[in-house]
1. Of the residues that sit in segment 58-73 and are open to solvent by 10 Å² or more (accessible area, probe 1.4 Å) and either more than 16 Å from the ligand (Cβ to nearest atom) or in a helix (DSSP H, G or I) (or both), which one is farthest from Glu140 (Cα to Cα)?
2. Here are the criteria: (1) over 28 Å from Ala349 (Cβ atoms); (2) within 16 Å of the ligand (Cβ to nearest atom); (3) surrounded by fewer than 22 Cβ atoms within 10 Å (Cβ to Cβ). Tell me which single one Ile176 does not satisfy.
3. Between a first residue in segment 194-213 that is modelled with pLDDT of 95 or more and a second residue that is open to solvent by 60 Å² or more (accessible area, probe 1.4 Å) and assigned to a loop (DSSP other than H, G, I, E, B), which pairs have beta carbons less than 8 Å apart while being 6 or more apart in sequence or on different chains?
4. Exactly one of (1) more than 16 Å from the ligand (Cβ to nearest atom); (2) touching a helix residue (DSSP H, G or I) at 6+ places or on another chain (Cβ under 6 Å); (3) part of a loop (DSSP other than H, G, I, E, B); (4) not small (Gly, Ala, Ser) is unmet by Gln76. Its number?
5. Return the only residue of Ala162, Ala166 being in a helix (DSSP H, G or I) and either more than 16 Å from the ligand (Cβ to nearest atom) or open to solvent by 40 Å² or more (accessible area, probe 1.4 Å) (or both).
6. Here is a list of conditions, (1) surrounded by 23 or more Cβ atoms within 10 Å (Cβ to Cβ); (2) more than 16 Å from the ligand (Cβ to nearest atom), and Arg195 meets all of them except one; can you say which number that is?
7. Filter segment 79-105 down to the residues that are in a loop (DSSP other than H, G, I, E, B) and open to solvent by 10 Å² or more (accessible area, probe 1.4 Å), then identify the one that is nearest to the ligand (Cβ to nearest atom).
8. Restricting to segment 124-136, what's the tally of residues that are out of contact with any strand residue (DSSP E or B) (no Cβ under 7 Å at 6 or more places or on another chain) and either modelled with pLDDT of 95 or more or closer than 20 Å to Ala236 by Cβ (or both)?
Amino acid sequence: MSSLFDATQAGSLHLANRIVMAPLTRNRSPGGVPGPLAVEYYRQRASAGLIVSEGTAISPQGQGYADVPGLYRPEQLAGWRRVTDAVHAAGGRIVAQLWHVGRVSHTDLQPGHQAPVGPSAIAAATKTYLVRNGQGAFVETSVPRALAAEELPGIVDDFRRAARAALEAGFDGVEIHGANGYLLDQFMKLGANHRTDHYGGSIANRLRFPLEVVRAVAAEIGAGRVGLRISPAAPANGISDPDPQPLFEALLAELAPLGLAYLHVIEGATGGPREVGDRPFDYTRLKAAWRNAGAKGAWMVNNGYDRALADRAVEEGADLVAFGRLFIANPDLVRRLRERAPLNTPDRATFYGGGAEGYTDYPALPA
Ligand code: 8OZ
């Protein structure tokens, strides 16, 4: 019987256990450059089998929040190199989460104060985080402009280049952010995609751009170093789709032959209830679609897990379990889960922005 604490393999990634630190936006990288505090924060959490970095912008256009890191300027790569070196020196593994927010942005954050971009010119009913005069504030996102089909190869190329940059910065691989109402999720879901060209309408058309991105990144660095994050049912950032089950089963059937390292599935509403709406999404069926199509990649589950739920998930065939908020508050979460030790409580007030407080000052158990 496999356990949460067993070593395992995800594509080319050899992992010391099945516990994953989920990607967590912390807004502590002014200028998009992770600094010494980020080095310490990730180093403290290196006993995770795998760390997925916080969402990291692939381009200036892909950025949607103040003080999130990027992977497109040399200083950003140098900052990340110090993080990845520290994680590796502590025996950990870390992948970079490649992020294009699409319409979830603000003109203040976009090059030349232009409108953010999306599949269609439909505003996301959600807020983003800006820093104005040194003060953090949540503000409505700006109305996006619809991308021309001719612009899409450029964005695919930004993802491809960011994947290459991630390896240069010492990451073990990348996770493509296809979840939570950001650009790839916007293309997949009808609430944000009203296109009438071959990137909108049918399921095959709505999957076209996300699949172009995944294939390009896999071709660039090897599929065994690439994961994809999805959130089929999450209403995050104002996203919606009337019928996600066939959409995501079709996506997985297309992905299966690529040989990705893992698929990261957020079950339910991100950071919220595991059941959403009146028509439950069937994750067991989704996983069966993945395996039936021949996929060998690890199945990573996420959302509201604790030790008991995680044990059950592994018994039922999940390969990896990602923990978010618990990793914010417990740098030694792996040990605490193993020893069934008490957990520190995450402090919501210090999730986004600020310095060491609520970031690197959560205590580990005494040695
Ligand atoms: C919280 C705040 C800002 C961004 C996501 C990257 O939901 C995020 C995010 C989460 O995937």
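The values are calculated or read from the model by the stated rules, or taken from the named source; none is laboratory data. In this text, all values refer to a predicted model and were calculated from it rather than measured experimentally. Cβ sites come from the backbone with ideal geometry, for glycine too, and all protein chains shown count toward neighbours. Just the protein is used for accessible areas: all its heavy atoms, side chains included, with ligands, DNA and RNA removed. Shrake-Rupley method; radii C 1.70, N 1.55, O 1.52, S 1.80 Å.
1. Among residues in segment 58-73 that are open to solvent by 10 Å² or more (accessible area, probe 1.4 Å) and either more than 16 Å from the ligand (Cβ to nearest atom) or in a helix (DSSP H, G or I) (or both), the one farthest from Glu140 (Cα to Cα) is Arg73.
2. Only one criterion is unmet by Ile176, namely (3).
3. Pairs that qualify, where the first residue is modelled with pLDDT of 95 or more and the partner is open to solvent by 60 Å² or more (accessible area, probe 1.4 Å) and assigned to a loop (DSSP other than H, G, I, E, B), are Gly200/His194; Asn205/His198; Arg206/Leu190; Arg208/His198.
4. (3)
5. Criteria check complete, one pass: Ala166.
6. Condition not satisfied by Arg195: (1).
7. Here the residue is Arg93.
8. Selection size over segment 124-136: 3.
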